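Participant: If you scroll down you'll find the structure; I have some questions about it.
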Amino acid sequence: MTFQPMPNCLQRNHKRSISLPSRLLLMKRWQDTLISPNATLQQAIQQMDASAQGILLVADSEKHLLGTITDGDVRRALLNHLGLDINIQQVMNKQPRSASSEWSRSQLLAALEQQQLLHLPVVDSAGRITGLETLQRLLNKQHLANPVFLMAGGFGTRLRPLTHNCPKPMLKVGGKPILELILQNFIDAGFYRFFISTHYMPDVIRNHFGDGRNWGVSIEYIHEESPLGTAGALGLLPQQEIDRPMFLMNGDLLTRLDYRKLLDFHEQSQAIATMCVREYEHQVPYGVIESNGSCITSITEKPIQHFFINAGIYLLSPELVRSVTPGTRIDMPTLLQQAIDQSQHVSMFPIHEYWLDIGRMEDFRRAQDEVADVLAGLMT
C-alpha cells in the first residue's frame, strides 16, 4: 500500500509551509544567540543581525540564563534614545520564560502558544541553557515514516463490566477513547503510518477510525482470528511495508513519552529492539535478615528494592519483525529473550515521563482524574 499523507500545513491554517529563508533560519545554532551580560547594545544589535533568530540569550560564563533580548527590546531602546553604548542589562528581560530540558514537544508548543511567545530558552535543572525552541520550528515538524503498530485486540477482562460491550482500548478517558489519545500523540510527534491489531469486537475500532483519513494518516488493520500473544500479530503484518524501525505499543497506555527521543536513542544504540522500561520500587514490610549459617550478618529494616519493569512500548527493527512466522503465538518478552539468546543487542529506554497502564479498574479511575493534566501537558 502506497500512502501520501496530507501534511498538517494543508489541514490547519496556522501551519504554513516554510520558505527557503525560513529553512535556513531554523538551521541556525542556538549557541549563536548567547551573549555576555557585559555587552553593549551596539554589540547586541550586531550579534542579533548575525544570528538571525530574533532573540539573544544573556548568559554568564557557565551558561546560566540571566535574561533575554528580543527585536522588540532593541527597538524600544532605540525609540527611547538610550544610546548604543549602554549595557544590555538595562534593556534585557530579567525574568524570561524558560522551558525544562525534560519537556516534550507538546509541552513546549503549549507553553509557546499559551504565553504568546515566539522563542523559549531551554534550561536544565541548574538553570543552564541547553537549547532554544521556536514556535516556527515546532509548528513545521518533520513527518516521520516509521510505522506504528498499536495492539488493540485484548479482552480487557479485568475491566469488566465496562468491556462487556466495548474493547478496552476504546474505553473513554476524558471523553475520548484511549486508543485515540495514543494515536493523536503519535500524530503530534509527526508519525502517519499506522497498523492496529484487532481481535475482540474489531468493528468498534474499525468504525471509529476507518482508514485514518479523518486524522490525515494511514491506518491498516491486522486481525487475529485467535489470540496470538503480544508479539504474534507481527507475523501478520505486510512485511514489505516494514522498511524501517517500527514502534509497537499496547493500546491501553497513557504516556507523555517523547517518541522522537526514543527513536533517536534506538538508532544510536544500533539495537535490534529497544524496550521502554519504567522504574518500580517495592518496600519489604519487614526487617530483612542476611546470615551466614546461623550467624546474622546484617539486619535491614523494611528495605526498598528497585526494579525496571516492561512499559509496553517498543521499537523493533524490520529484521526482528520479519522473524515472526505468520500464525505463531508468542509474547514480546519471549521474542526479545530469543534475540538476546542469539547474542543480538536489545536495549532499554527508561521512561521518566508520565505513564499509566490502564489494566485494572483503579487504573481506569485514576486515568479519569489525571487525564486533564496529561492532555494539557502540565509544565511540572
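Participant: As a test, work out the antiparallel percent of DSSP beta bridges whose residues both lie in the chain, rounded to the nearest 5. Mind showing how you got there, number by number?
Facilitator: On the way: 38 of 63 bridges.
Percent antiparallel among DSSP bridges in the chain is about 60.
Participant: While we're looking at this one, here's another question. About the Cα centre of the range 253-380, how large is the charge dipole given +1 on each Lys and Arg Cβ and -1 on each Asp and Glu Cβ? Please answer in debye to the nearest 20.
Facilitator: Details: 10 positive and 17 negative charges, 52 e Å.
For the range 253-380, the charge dipole is close to 240 debye.
Participant: Another question, then. Any idea what the dipole of the range 64-185 comes to, in debye rounded to 20, about its Cα centre with Lys/Arg Cβ at +1 and Asp/Glu Cβ at -1?
Facilitator: Taking the Cα centre of the range 64-185 as origin, the dipole is about 600 debye.
Participant: Pull up the DSSP beta bridges for the range 47-131 and report the antiparallel fraction as a percent, rounded to 5.
Facilitator: On the way: 9 of 11 bridges.
So the antiparallel bridges in the range 47-131 amount to around 80 percent.
Participant: Here's another thing I want to ask about it. Rounded to the nearest 500, what is the 222 nm mean residue ellipticity of the chain from helices alone, with -39500 (n - 2.57) per DSSP H run of 4+ residues and division by all residues? Mind showing how you got there, number by number?
Facilitator: Values: 13 runs with 111 residues, N = 380.
So the helix-based figure for the chain works out to -8000 deg cm²/dmol.
Participant: Could you list which residues have their amide H under 5 Å from that of residue 349, counting only those 5 or more apart in sequence or on another chain, with H placed in the peptide plane?
Facilitator: HN-HN under 5 Å from residue 349: 275, 276, 277.
Participant: Let me ask something additional. Treating only the Cβ atoms of Lys and Arg (+1) and Asp and Glu (-1) as charged, compute the dipole magnitude of the chain about its Cα centre; round to the nearest 20 debye. List each step's numbers first, then the result.
Facilitator: Working: 34 positive and 38 negative charges, 200 e Å.
About 960 debye.
Participant: Can you put 351, 289 in order of accessible area, largest first, using a 1.4 Å probe? Could the numbers behind the result be given before it?
Facilitator: Values: 351 10, 289 90 Å².
Largest to smallest exposure gives the sequence 289, 351.
Participant: Would you mind calculating the relative contact order of the range 22-155 from Cα pairs under 8 angstrom and at least 6 residues apart, reporting the percent as a whole number? Before the final figure, lay out each step's value.
Facilitator: Working: 175 pairs, mean separation 26.9, N = 134.
It rounds to 20 percent for the range 22-155.
Participant: Straight-line reach from residue 176: which aspartates and glutamates have Cα under 15 Å away, leaving out those fewer than 8 places along the same chain?
Facilitator: By straight Cα distance, residue 176 reaches 252, 369, 370, 373.
Participant: With a Förster radius of 45 Å, plug the Cβ-Cβ distance of residue 143 and residue 284 into 1/(1 + (r/R0)^6) and report the FRET value to the nearest 0.05.
Facilitator: Numbers: r = 49 Å, r/R0 = 1.08.
Once rounded, the FRET efficiency stands at 0.40.
The values are calculated or read from the model by the stated rules, or taken from the named source; none is laboratory data. Not measured: the values here are computed from a predicted model. Using ideal geometry, Cβ is built from the backbone for each residue, glycine included, and neighbour counts are taken over all protein chains shown. With ligands, DNA and RNA removed, areas are computed over all heavy atoms of the protein, side chains included. Shrake-Rupley method; radii C 1.70, N 1.55, O 1.52, S 1.80 Å.
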